[in-house]
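Undergrad: Questions regarding the structure given below will be posed in turn.
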Amino acid sequence: MMYVTLARGKQHLNTDHDEDDSLIEVYILSASRAVKNYLKSGSPFAVERDSNDNPVLDSNGAPEYVRDSNGDKVIDAAVEAAVLILLGHLYKDRDQNTENAFEQGYLPKPVTALLYPMRDPACA
């Protein structure tokens, strides 16, 4: 699953040409998978909130998710931002981590800062 569209990824990268589309799609897919792996069983979808900013729960106590006009669940803004940040790192520093933005095997700190509250730490 890709958590952002190619058009949104290109907008984030300020890229208006089509030559790198297949590369950008690979990076979006890879970044989306890295985010999914980090979240473990945590959901990437936006939860509906009431006027007090509490999650809206269904009759079984499960969260209700925000849905678009097609009825599809909407990706949480923090997940989208995390994927876009990671996409930027992958696209800019294609073969290396020149700015030492993250340690090998770990996501960049801004990405984990966005995702940490959504993560399910109980899963191994």
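Computed from the coordinates by the stated procedures, all read-outs in this text should not be read as laboratory data. Just so it is clear, the model here is predicted, and its values are computed rather than measured. Virtual Cβ from ideal backbone geometry, glycine too; neighbours counted across all protein chains shown.
Undergrad: What are the residue pairs meeting all of these: first residue in the stretch 29-45, first residue without any contact (Cβ under 8 Å) to a residue 60 or more places away in the chain, second residue in a helix (DSSP H, G or I), Cβ atoms under 7 Å, and 6 or more apart or on different chains?
TA: 31/83; 31/86; 31/87; 31/90; 32/83
Undergrad: Failed condition for residue 73, given (1) without any contact (Cβ under 8 Å) to a residue 40 or more places away in the chain; (2) more than 11 Å from the chain's Cα centre (by Cα); (3) under 23 Å from residue 113 (Cβ atoms); (4) surrounded by 10 or more Cβ atoms within 10 Å (Cβ to Cβ), with all others met?
TA: Exception for residue 73: condition (3).
Undergrad: Given the structure, is residue 66 surrounded by 12 or more Cβ atoms within 10 Å (Cβ to Cβ), touching a residue at least 40 places away in the same chain (Cβ under 8 Å) and either closer than 28 Å to residue 6 by Cβ or of a type outside the set (A, V, I, L, M) (or both)?
TA: So residue 66 fails the test.
Undergrad: Given 56, 35, which one is surrounded by 12 or more Cβ atoms within 10 Å (Cβ to Cβ) and under 16 Å from residue 112 (Cβ atoms)?
TA: 35
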